[in-house]
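Undergrad: Questions regarding the structure given below will be posed in turn.
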Amino acid sequence: GNNSAQIKAAQKKATRTQKKFESLLNKGLYPEQAMEILFGDKSIADFKVEGTDLNIAVVGYPYAIYDPYLNVSLLDILKKQGVRVYTQDMLSNKQMNKYGRTLPKNLFWYFSNRAVNGALYFLDQPYIDGMIHVTAFACGPDAMVDRLIEIETHKRSSIPYLAVTIDEHTAQTGVQTRVEAFLDMLRYRRDAK
């Protein structure tokens, strides 16, 4: 029922908001944090990360990375351990597509390509100390993504890699123990240099 001028104005407003959202992600914010800035009363200063000694890339499907119920609060576990987390959502499509072109072909699934391309980008960044792939048990595409990321990690870099598999039986204690052991290994490796 709206006229074309109203439709165009709404489209322009939505495009501006989307660009602001992507800009906030590129500054290192999680999607939920960017939404709180855009539509809430938060500012970038509210989400400033301080006191971290490790930089970890966390890749995977967005629901696996950001849903604390599914991943048993993985991002909170990392934050409490003094880790600065980077996800593929903090990268522009241009950055990811550049690394995606280094593979013989793309996968068939959009989010699978984002996870793989984001992982490839992070493998080439000297500030990344380790990579965690959050993968869903019994997800066929995700099983392929996990193996591809693992192969490319060993082929392209010396960055340590951890796959965290989640399903309905995943317990926070198990994930926390594995992540803490991974982080201890990273710190030991760094301090031994």
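The values are calculated or read from the model by the stated rules, or taken from the named source; none is laboratory data. All values derive from a computational prediction rather than experimental measurement. In this analysis, Cβ positions are derived from the backbone assuming ideal geometry, glycine residues included, and neighbour counts consider all displayed protein chains. Heads up: the accessible areas ignore ligands, DNA and RNA and are worked out on the full protein's heavy atoms, side chains in. Shrake-Rupley method; radii C 1.70, N 1.55, O 1.52, S 1.80 Å.
Undergrad: State which stretch of the chain is the longest one without any exposed GluC sites (Glu not before Pro), exposure meaning a DSSP loop state and at most 12 other Cβ atoms within 10 Å.
TA: Working: sites that count: GLU50, GLU168.
In short, 51-167.
Undergrad: Still on this structure, please answer the following. Length gain on complete extension for the stretch ALA192 to LYS94, per 0.36 nm per residue less the alpha carbon to alpha carbon distance? Each step should come with its number before you reach the end.
TA: Values: separation 98, 0.36 × 98 = 35.28 nm, distance 3.61 nm.
Roughly 31.7 nm would be gained on extension.
Undergrad: Nearest 10 degrees is fine. How inclined is helix 172-192 to the longest principal axis of the chain, computing both from alpha carbons?
TA: 70
Undergrad: Next question, about the same structure. State the label only: which of (i) 26, 18, 16; (ii) 25, 22, 14; (iii) 30, 21, 17 corresponds to semi-axes √(5λ) of the Cα gyration tensor in Å computed from the shown model?
TA: Identified label for the calculated read-out: (iii).
Undergrad: Answer with one residue from LEU75, LEU25, VAL58: the one whose Cα lies farthest towards the positive end of the charge dipole of the chain, charges on Cβ with Lys, Arg +1 and Asp, Glu -1.
TA: It is LEU25, whose Cα lies furthest towards the positive end.
Undergrad: Please compute the modelled spin-label separation between LEU38 and LYS105, points set 7 Å along Cα→Cβ, answer in nm with one decimal.
TA: 3.5
Undergrad: Which loop-located chymotrypsin sites (Phe, Trp or Tyr not before Pro) does region 55-85 contain, where loop means any DSSP state but H, G, I, E or B and the Cβ has at most 16 other Cβ atoms within 10 Å?
TA: On the way: sites: TYR63, TYR66, TYR69; in loops: TYR69.
Listed in order of number, the matching sites are TYR69.
Undergrad: From largest accessible area down, sort ARG190, ARG101, ARG84; use a 1.4 Å probe on the protein chains.
TA: The ranking, largest first, comes out as ARG101, ARG190, ARG84.
Undergrad: Which distance in nm do the two modelled labels at GLN6 and LYS80 give, with both placed 7 Å along the Cα-to-Cβ direction?
TA: 5.0
Undergrad: Now for a separate question. Amide H neighbours of TYR30 under 5 Å, at least 5 residues apart or on other chains, H built in the peptide plane: list them.
TA: none
Undergrad: Strictly over 18 Å apart at the Cα level, which of LYS27/LYS94; LYS13/LYS94; LYS27/LYS80; LYS12/LYS94 would you flag in this model?
TA: Beyond 18 Å: LYS13/LYS94; LYS27/LYS80; LYS12/LYS94.
Undergrad: Still on this structure: Once a ≥ b ≥ c are taken as the square roots of the eigenvalues of the Cα gyration tensor of region 24-84, is the result rounded (a/c under 1.5), prolate (a/b larger than b/c) or oblate (a/b not larger than b/c)?
TA: Numbers: a/c = 1.81, a/b = 1.19, b/c = 1.53.
Judged from the Cα gyration tensor, region 24-84 comes out oblate (a/c at least 1.5, b/c at or above a/b).
Undergrad: Same structure again: Under the classification rounded if a/c is under 1.5, otherwise prolate if a/b is larger than b/c and oblate if not, where does region 68-151 fall, given a ≥ b ≥ c as square roots of the Cα gyration tensor eigenvalues?
TA: Numbers: a/c = 2.04, a/b = 1.26, b/c = 1.62.
Verdict is oblate for region 68-151.
Undergrad: If you don't mind, another one. Pairing the Cα long axis of helix 140-156 with the longest principal axis of the chain, what angle in degrees results, from 0 to 90 and rounded to the nearest 10?
TA: With both axes taken from Cα atoms, the answer is about 60 degrees.
Undergrad: Same structure again: Taking the full set of protein chains and a 1.4 angstrom probe, give the accessible area of ILE7 in square angstrom, rounded to the nearest 10.
TA: 100
Undergrad: Shifting gears a bit: Tilt of helix 110-123 relative to the longest C-alpha principal axis of the chain, in degrees (0 to 90, nearest 10)?
TA: Once rounded, one gets 60 degrees.
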